[in-house]
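Below you'll find the structure, written out as structure tokens, and then a few comments.
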Amino acid sequence: MSKSPQDKNNNSDDKNTKSAFAQRFRGYFPVVVDVETAGFNAQTDALLEIAATTLSLDESTGQFSLDETIHFNVDPFEGANLEKAALEFTGIDPTNPLRGAVDEYTALTEIFKLIRKKMKVAGCQRAVMVAHNASFDLGFVNAATERCSIKRSPFHPFVSFDTTTLSGLALGQTVLAKACLAAGLEFNNNEAHSALYDTEKTAELFCFIVNKWQKMGGWPLAIDDESQLNAELSDNN
């Protein structure tokens with residue numbers, strides 16, 4: 001069913017009232033996340049570190065940059081599996097009292113609180129996770145959210161922005177360190193595999209790719225009016 005001119009005008013007005021940030025990712029608020037874990041199984045292996053970085057947008061230039069980062073060391077949940085090889089790889093000692101670790105519930109609720117605050121300011125409706133190999137990080141966050149009986153996560157349950165794919169397209173590299181270097185960003189291997197460091201480096205990489213795409217004329221799109229896009233799709237069906 002075609003829309004009336006009045007409907008189209010209303011859609012245009014709705015778009016004009018949205019912030020530039022909300023328009024850029026279809027109402028999604030990208031939050032960059034990294035987790036360090038004691039294995040690869042989100043259901044059984046411990047979440048040991050988590051960090052999240054929010055982004056800001058300069059509306060005069062259309063360029064994104066890092067805003068605020070929040071980070072927690074996390075105590076393994078009761079009965080969690082701790083793979084020796086994973087601990088050796090990350091260098092994390094879950095038993096070290098100097099880690100200042102918190103439980104999963106505290107870490108997630110504080111991170112979610114920050115995300116919702118920033119999301120509201122940006123005028124966005126839902127957060128979308130940005131991560132390097134995003135399905136891994138999103139899987140661990142979703143599993144921990146369920147374990148903690150947190151009913152409302154700000155993150156979309158399965159949509160994510162994967163910087164592995166983006167950097168493969170834009171830079172010809174898929175490893176985080178190599179992608180950062182290809183983008184002209186500093187990367188210190190001695191600090192890698194820390195959730196705090198990797199999150200901020202992933203955020204820098206994401207901003208670099210999105211900003212470069214915008215400078216190359218990739219945004220706005222040829223069809224950037226959602227009502228027009230929906231009409232095109234309807235005509236093609």
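One table, with the values for the structure above:
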read-out: Residue within segment 65-74 that is at pLDDT below 95 and touching a strand residue (DSSP E or B) at 6+ places or on another chain (Cβ under 9 Å) present; value: no
read-out: Segment 30-74: number of residues that are within 21 Å of Ile111 (Cβ to Cβ), surrounded by fewer than 19 Cβ atoms within 10 Å (Cβ to Cβ) and charged (D, E, K, R); value: 2
read-out: Residue that is nearest to the chain's Cα centre (by Cα) [pool: residues in segment 138-179 that are more than 25 Å from Asn190 (Cβ to Cβ), surrounded by fewer than 16 Cβ atoms within 10 Å (Cβ to Cβ) and of a type in the set (D, E, K, R)]; value: Arg152
read-out: Residue in segment 208-215 that is among the β-branched types (Val, Ile, Thr), more than 28 Å from His71 (Cβ to Cβ) and either touching a helix residue (DSSP H, G or I) at 6+ places or on another chain (Cβ under 8 Å) or modelled with pLDDT of 95 or more (or both) present; value: no
read-out: Among (1) more than 29 Å from Val159 (Cα to Cα); (2) surrounded by fewer than 16 Cβ atoms within 10 Å (Cβ to Cβ); (3) at pLDDT 95 or above - the single one Thr109 does not satisfy; value: (1)
read-out: Set Ala143, Ala170, Ala107: member being part of a helix (DSSP H, G or I), in contact with a strand residue (DSSP E or B) (Cβ under 7 Å, 6 or more places away or on another chain) and of a type outside the set (S, T, N, Q); value: Ala107
read-out: Single condition Ala85 does not satisfy, out of (1) in a helix (DSSP H, G or I); (2) buried (at least 16 other Cβ atoms within 10 Å of the Cβ); value: (2)
read-out: Test result for Phe40, assigned to a strand (DSSP E or B) and either over 15 Å from the mean Cα position of the chain (by Cα) or more than 18 Å from Glu191 (Cβ to Cβ) (or both); value: no
read-out: Qualifying residue in segment 174-194 (condition: closer than 22 Å to Gln43 by Cα and in contact (Cβ under 8 Å) with a residue 12 or more places away in the chain); value: yes
read-out: Any pair with Cβ under 6 angstrom, 6 or more apart, that starts in segment 96-107 at a residue that is within 11 Å of Phe72 (Cβ to Cβ) and ends at one that is at pLDDT 95 or above and of a type in the set (Gly, Ala, Ser); value: Glu104/Ala144
read-out: Boolean, Ala122 is within 18 Å of Tyr28 (Cα to Cα), touching a residue at least 24 places away in the same chain (Cβ under 8 Å) and within 12 Å of the chain's Cα centre (by Cα); value: no
read-out: Leading residue by the ranking (surrounded by the fewest Cβ atoms within 10 Å (Cβ to Cβ)) among those in segment 180-193 that are modelled with pLDDT of 95 or more and within 21 Å of Ile50 (Cα to Cα); value: Asn188
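The values are calculated or read from the model by the stated rules, or taken from the named source; none is laboratory data. Note that this is a predicted model, so its numbers are computed, not measured. Glycine also receives a Cβ, built like all others from the backbone with ideal geometry; neighbour counts cover every protein chain displayed.
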